[in-house]
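The values are calculated or read from the model by the stated rules, or taken from the named source; none is laboratory data. Keep in mind it's a predicted model, so treat the numbers as computed, not measured. Cβ atoms come from the backbone with ideal geometry, glycine included; neighbour counts cover every protein chain shown.
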Amino acid sequence: MAIQVRSLNELGQAKFVAWLSNPIDGPPKSLLEDDSVTGVVDGYKIDLDRKFSTSYELGQYLAKDVFVVVPDRLALLDNHGMWAWISLAFIESLVKRGGGGLGKPLAKPHYVMESPRLGYRLIARTAWDLVSLHGEAANVALGSAKSPWGEMAEQMTARQEIYAHRSFWSVAQALYAKPDGSVKKGVTSQRSKEARRDPTNLAGLGGVRRLPFTFKQFERTYNLRRMTASQITGLLPNEYRKWRAHAEE
Amino acid sequence: MGQITRTTNPTGLKKIDKRHFVVRAQDDGKGGRVFWLQSFDFEAAKLDSSVQMGCIAHAGSNEEYFDLGPVSSFIRTPFSLSGLAADKPLKFRFIFNRCDESLLVGYVDGVRALDEAGALGSSLVDIEPASLRGIAWRLVLPEGTGTGEKPNVLVERALFPTAISAAGHSWFGVLVMPEVMRQIAMAIAEDPSALDDSESWVAPWVDFIEALGAELPVRFEEEDSQAKQAWAEEVVARFAAKGVFEHHMRRALAEMGGSEPWPSK
């Protein structure tokens, strides 16, 4: 049943954080409609019975069914109490997966705004924002069925210069996503110190950790914003060859 | 075999002079900002009339891209910057490419809107009205090292709607600018070698410090914070002794004493 979206006040957020720190009992869902710790956010309705197998699905639901017309994106992103409330509302979809029963929560910044620096880790907030900004391409970062916040999500959202860069997201999707939407193996591998010393060692080359730096380099000489994903992938250096070959299959 | 150095230009990319641009920015009345390119002298910039122009607006670490069309008939209507934070300095990168290719033929970084930079474009410090949520002012030192970067004094828009209104205000001069100078001097003292690096934002400060009559900083021992502070205080003292600050101080004292503040020059 759809109800009005709400926002947790300071006391409500403190109670939610207390549970995240010590999740012995079930999540404090009674807070969701408790007038003493919540306030109504006008204009938006949400179905609390929904479950999501990936954070991309959550982002899609929020972008297409809940926050459909948003006059001020920054104001919505700034409503930290509301994102904490949404995190609590869908907590079953946002905890560790695998095993039986409700998994354990991830670190607190994935559910409540602890500092603006870590704001990108607030899963529900970032999922909505990425789907709104990049549509289907957001799936490459948020489509993990193993975890609500996988390494792809971390790598692709931590750098502000690529967070909102449309060309980057379409290129990342073309290079790293499989046809079924899952991410190819080895994409997030880090290039080790040993590999960096050995020119024949290709480990970590062309992965998502390196793509932002390559983009930054190419932006100095190309207008990447006017180029299609296939034009950009055709431009990328040899280290991306293996991912590019898969993309063109 | 030739080497690529800072001074070679293997891509043939042309750096366009900022003086050819007039960018304007304004509040949109809803807590955000709009901007428009008022003029761009493509002939002075030696660009063909058909070259396409794009613009990337930066505010803090957020950015937004806008296609402006051909340089000879670019779009002059305002663009909304509602996707960018309103409390961060606003800067523009303009890029140029031919109609049928994406390879750039020219660029310029760090262009500021006239209304935000006021008449201070040629100074070493920018002043920019912003929504600071209860804080009167804040200094933002450049994050990068490029020469286009400048320290930026953000001022609460409700107090100072334009850069000129802040720069001409005696209390701003008396209370804020010496502290701005001190923070910049401390940043320079942290890495005096940057004064010799022509590509650093610090380099243009050599002439300024010398004009104040202060010694250029020597390389301080890393832990010697007292020596760094002492040098910074010396710079501030000389800075505050400049005629314009004596003028601000006289006005502030007159105001404190109950006299009508003098009209701004």
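Points to keep in mind about this one:
- Residue A:51 meets the conditions (1) in contact (Cβ under 8 Å) with a residue 60 or more places away in the chain; (2) out of contact with any Lys or Arg (no Cβ under 8 Å at 6 or more places or on another chain) in every case but one. The failed one is (1).
- Residues that are within 18 Å of residue B:149 (Cβ to Cβ), of a type in the set (A, V, I, L, M) and surrounded by fewer than 18 Cβ atoms within 10 Å (Cβ to Cβ), drawn from segment B:195-231: B:195, B:203, B:206
- Matching entry among A:188, A:233 (being touching a residue at least 60 places away in the same chain (Cβ under 8 Å), touching an Asp or Glu at 6+ places or on another chain (Cβ under 9 Å) and either more than 13 Å from chain B (Cβ to nearest Cβ) or more than 30 Å from residue B:100 (Cβ to Cβ) (or both)): A:233
- Checking A:71, A:105, A:116 one by one, the residue that is within 14 Å of another protein chain (Cβ to nearest Cβ), over 21 Å from residue A:45 (Cβ atoms) and more than 13 Å from the chain's Cα centre (by Cα) is A:116 and no other.
- Test: residue A:174 is surrounded by fewer than 24 Cβ atoms within 10 Å (Cβ to Cβ), among the aliphatic types (A, V, I, L, M), on the phi < 0 side of the Ramachandran plot and not in a helix (DSSP H, G or I): no
- Residue within segment B:149-157 that is surrounded by fewer than 18 Cβ atoms within 10 Å (Cβ to Cβ) and not charged (D, E, K, R) present: no
Yes/no per residue for (1) at pLDDT 85 or above; (2) of a type in the set (Val, Ile, Thr):
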{"site": "B:71", "(1), (2)": "yes, yes"}
{"site": "B:103", "(1), (2)": "yes, no"}
{"site": "B:111", "(1), (2)": "yes, yes"}
{"site": "B:123", "(1), (2)": "no, no"}
{"site": "B:142", "(1), (2)": "no, no"}
{"site": "B:160", "(1), (2)": "yes, no"}
{"site": "B:163", "(1), (2)": "no, no"}
{"site": "B:166", "(1), (2)": "yes, no"}
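- Among residues of segment B:60-77, those that are within 25 Å of residue B:153 (Cα to Cα) and either out of contact with any strand residue (DSSP E or B) (no Cβ under 9 Å at 6 or more places or on another chain) or more than 9 Å from chain A (Cβ to nearest Cβ) (or both), counted: 2
- Criterion violated by residue A:240 - all others in (1) buried (at least 17 other Cβ atoms within 10 Å of the Cβ); (2) of a type in the set (Ser, Thr, Tyr); (3) within 14 Å of another protein chain (Cβ to nearest Cβ) satisfied: (3)
- Being touching a strand residue (DSSP E or B) at 6+ places or on another chain (Cβ under 9 Å), assigned to a loop (DSSP other than H, G, I, E, B) and more than 14 Å from chain B (Cβ to nearest Cβ) is a property that holds for residue A:208.
- One residue from A:65, A:42 being assigned to a strand (DSSP E or B) and surrounded by fewer than 16 Cβ atoms within 10 Å (Cβ to Cβ): A:42
- Residue that is farthest from the other protein chains (Cβ to nearest Cβ), among those in segment B:78-110 that are free of Cβ contacts under 8 Å to residues at least 40 places away in the same chain and of a type in the set (Lys, Arg): B:91
- Test result for residue A:151, closer than 25 Å to residue B:54 by Cβ and among the acidic types (Asp, Glu): no
- Residue list for segment B:26-63, filter: part of a loop (DSSP other than H, G, I, E, B), within 24 Å of residue B:132 (Cβ to Cβ) and at pLDDT 90 or above: none
- Among residues of segment A:211-230 being hydrophobic (A, V, I, L, M, F, W, C) and away from chain B (no Cβ under 14 Å), the one that is surrounded by the most Cβ atoms within 10 Å (Cβ to Cβ) is A:211.
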